[in-house]
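One structure below.
Read-outs: derived from the displayed coordinates by stated rules, not from any lab. Values in this document were obtained by computation on a predicted structure and should not be read as measured data. No Cβ is skipped: glycine too gets one built from the backbone with ideal geometry, and neighbour counts run over all protein chains shown.
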Amino acid sequence: MSEYHLQQTQYKDRSCLVAALIDMGYGTVEEHDVAQQLFDFQGRATHYLDKNGDKANVIVRRNVVGGASNDLGFSLQPDGTYAAIVSEFDNHKHDTGWMNALKRSYVEKVDMKLAKKNGLQFLGRKVIGGKIQLQYLDTRSN
């Protein structure tokens, strides 16, 4: 059984986190108000972070992660952020590069959600000088 590790994040918007995980190629992402049990590659409940069982509110199940993987989870913390719960075995798959790409996608989703709330229409994204720029049209009346 592979040990799990908790990684603090700044993710606070669950729907944007789920959308970012889908962008990362995980077509099925579970959302739970009450945290649910995580399982290892053999389908056994994990108990590395908590003796009562490792649980998460946002879960990508092992069959979606692929191969002989363990569940990937994000657990709601008391400060309102979602901490990543990643198994040691899957660190090669969910490494720093992957986590940075997830963060970029998450930030884009949050930005787009806020822009829409403020009456802006998303036009597209461009990469200029290696930086992503989101373009919007202000549809609010003056």
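Can you tally the net charge around G53? Count Lys and Arg as +1, Asp and Glu as -1, for every other residue whose Cβ sits under 14 Å from the Cβ of G53.
So the surrounding residues net to -1.
If you build a Gaussian network model of the chain, linking Cα atoms that sit under 10 Å apart, which residue out of A101, A68, A45 swings the most?
Result: A68 has the largest fluctuation of those listed.
Give me the lysines in straight-line cross-link reach of K126: C-alpha distance below 16 Å, same-chain residues under 8 apart excluded.
By straight Cα distance, K126 reaches K109.
Given a 10 angstrom Cα cut-off, can you work out which residue in G27, G130, G53 is the most mobile in a GNM of the chain?
Result: G130 has the largest fluctuation of those listed.
On a 0 to 90° scale, report how tilted helix 14-23 is relative to the longest principal axis of the chain, with both axes built from alpha carbons and the result rounded to the nearest 10.
Around 90 degrees separate the two axes.
With the cut-off at 1.5 for a/c, could you classify segment 102-142 from its C-alpha gyration tensor as rounded, prolate or oblate?
oblate
Per DSSP helix of 4 or more residues, -39500 (n - 2.57); summed, then divided by the residues of the chain. What does that give at 222 nm, rounded to the nearest 500?
-8000 deg cm²/dmol
Compute the acute angle (0 to 90°) between the alpha-carbon long axis of helix 96-117 and the principal axis of greatest extent of the alpha-carbon atoms of the chain; round to the nearest 10°.
40 degrees
Would you mind telling me which residue in K116, K131, K55 has the biggest mean-square fluctuation in a Gaussian network model of the chain, where springs connect alpha carbons within a distance under 10 angstrom?
K131
For D111 and Q42, compute 0.36 nm times the residue count separating them, minus their Cα-Cα distance, and round to one decimal in nm.
Going from the current span to full extension adds 21.0 nm.
Ordered by residue, what ³J(HN,Hα) values in Hz, to whole numbers, does segment 71-86 give under the Karplus form 6.51 cos²θ - 1.76 cosθ + 1.60, where θ = phi - 60° and Gly and Pro are x?
Calculated HN-Hα couplings, in order: 4, 10, x, 9, 9, 5, 9, x, 7, x, 8, 9, 7, 6, 10, 10 Hz.
Please compare each pair in K12/K103; K12/K116; K93/K116; K12/K55 to a cut-off of 22 Å on the Cα-Cα distance and tell me which ones are over it. Let's see the in-between values first.
Values: K12/K103 12 Å; K12/K116 18 Å; K93/K116 33 Å; K12/K55 17 Å.
K93/K116, as the Cα separations exceed 22 Å there.
Considering only segment 4-138, what is the antiparallel percent among its DSSP beta bridges, to the nearest 5?
The answer is about 100 percent antiparallel.
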